[in-house]
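The values are calculated or read from the model by the stated rules, or taken from the named source; none is laboratory data. None of the values given here were measured: they were computed from a predicted structure. With ideal geometry, Cβ positions are generated from the backbone for all residues, glycine too; neighbour counts draw on all protein chains shown. To get the accessible areas, we keep the full protein, side chains included, count just its heavy atoms, and leave off ligands, DNA and RNA. Shrake-Rupley method; radii C 1.70, N 1.55, O 1.52, S 1.80 Å.
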Amino acid sequence: MQHGPAVRRRKLGAELRALRAGVGLTSGEAARLVGWHQSKVSRIETGISGVKPADVERLLDAYAVTEPELRELLVGLAGSEGNGRHHWWHAYRGVLPPTYRDFISLESQASGMRTLETSVVPGLLQTPEYAREVTRVAVGGLEDGKLDALVEVRLARQVVLRSHPPLELTAVLDEAVLRREVGGPEVMARQLVRLREAAALPQVRLQVLPFAAGAHIGVTGPFVIFSFPNTTDLDVVVLDHLTSSLYLERKEDLQAYTEAFNALQFHALSPEDSLDYIAGIGDGA
């Protein structure tokens with residue numbers, strides 16, 4: 001169990017170690033190829049030390065990694081500017097806690113996101129009015145300027161659904177998410193319309209877990225599973241808490257949460273029935 005920056009270093013290091021082993025190099029041989037001491041390669045591979053984007057590029061060149069998406073992903077994990085999906089949030093560093101910045105960074109680089117929500121609409125699907133009310137309540141006592149900035153960030157994150165390629169979002173929403181009135185009836189009405197519009201996008205799969213489904217494995221709380229292109233070794237589970245986020249990277253944890261999410265999808269309404277269900281709630285059914 002790690003906090004965000006640590007898990008990113010560990011996962012990047014593990015992938016670089018696998019690539020090195022794949023071309024039959026020892027850490028000492030790799031170090032000599034790039035002109036470093038062997039201990040630097042070891043510290044990078046174990047996640048003890050951070051690594052500059054340029055150093056990742058040198059290692060990838062040494063390992064003859066030419067696949068553009070994999071190179072971009074690994075360099076991105078080290079902090080490179082990458083494509084238009086990356087690092088726009090630097091302008092908000094003054095108002096974003098480090099754990100939130102790291103979550104946004106993972107979200108911007110992931111190819112897929114599976115999320116269970118039990119209380120609020122996922123941030124990627126929120127309307128401006130809904131996002132403002134949720135942020136105001138979640139982070140009380142903020143000055144209007146900081147509140148505005150956090151709402152801007154929440155909305156700016158949604159660019160991942162419109163990028164090329166877009167993030168593939170699969171969301172299971174407990175019925176409580178749809179029934180909880182956030183910001184008043186008009187705000188909720190527009191939010192439910194937004195959910196239906198988003199569910200029509202090919203990159204979004206939305207399922208509702210109705211109250212009639214009874215108790216389910218998700219009652220312990222919401223979670224997010226990020227998946228990355230080309231390798232499952234970088235996949236990570238994120239659990240949000242009031243003041244921090246926890247990142248689970250062990251294969252056993254990933255398997256457990258993946259199985260839990262699959263079970264939730266099985267018990268939830270189909271995407272088509274979920275759209276009808278949301279429409280019914282919006283119509284006062």
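Can you confirm whether the range 222-240 contains a residue that is more than 15 Å from the chain's Cα centre (by Cα), more than 27 Å from Leu70 (Cα to Cα) and open to solvent by 50 Å² or more (accessible area, probe 1.4 Å)? No; the residues of the range 222-240 include none that is more than 15 Å from the chain's Cα centre (by Cα), more than 27 Å from Leu70 (Cα to Cα) and open to solvent by 50 Å² or more (accessible area, probe 1.4 Å). Give the residues of the range 24-36 that are open to solvent by 70 Å² or more (accessible area, probe 1.4 Å) and hydrophobic (A, V, I, L, M, F, W, C), sorted by residue number. Correct list: Leu33 only. Each residue in the range 183-214 was checked for being β-branched (Val, Ile, Thr) and modelled with pLDDT under 95, and 0 of them qualify. Of Pro185, Pro202, all but one fail to be open to solvent by 30 Å² or more (accessible area, probe 1.4 Å), more than 26 Å from the chain's Cα centre (by Cα) and in the same structural domain as Asp276 (by the TED database); the exception is Pro185. The residues of the range 179-230 that are among the basic types (Lys, Arg) and assigned to a strand (DSSP E or B) amount to a single one, Arg205. Look at the range 25-50: where a residue is closer than 12 Å to Leu12 by Cα and in a helix (DSSP H, G or I), no partner that is open to solvent by 40 Å² or more (accessible area, probe 1.4 Å) and among the hydrophobic types (A, V, I, L, M, F, W, C) sits 6+ places away or on another chain with Cβ atoms under 8 Å. Among the helices (runs of 4 or more DSSP H) confined to the range 87-167, the ones with at least 3 residues that are within 17 Å of the chain's Cα centre (by Cα) and under 17 Å from Ser245 (Cα atoms) are located at 98-109. Residue check: is Leu173 in contact (Cβ under 8 Å) with a residue 12 or more places away in the chain, of a type outside the set (Lys, Arg) and either open to solvent by 30 Å² or more (accessible area, probe 1.4 Å) or more than 24 Å from Ser105 (Cβ to Cβ) (or both)? It is true that Leu173 is in contact (Cβ under 8 Å) with a residue 12 or more places away in the chain, of a type outside the set (Lys, Arg) and either open to solvent by 30 Å² or more (accessible area, probe 1.4 Å) or more than 24 Å from Ser105 (Cβ to Cβ) (or both).
Any residue at all in the range 70-93 that is modelled with pLDDT of 80 or more, in contact with a Phe, Trp or Tyr (Cβ under 7 Å, 6 or more places away or on another chain) and among the charged types (D, E, K, R)? Within the range 70-93, none of the residues are modelled with pLDDT of 80 or more, in contact with a Phe, Trp or Tyr (Cβ under 7 Å, 6 or more places away or on another chain) and among the charged types (D, E, K, R).
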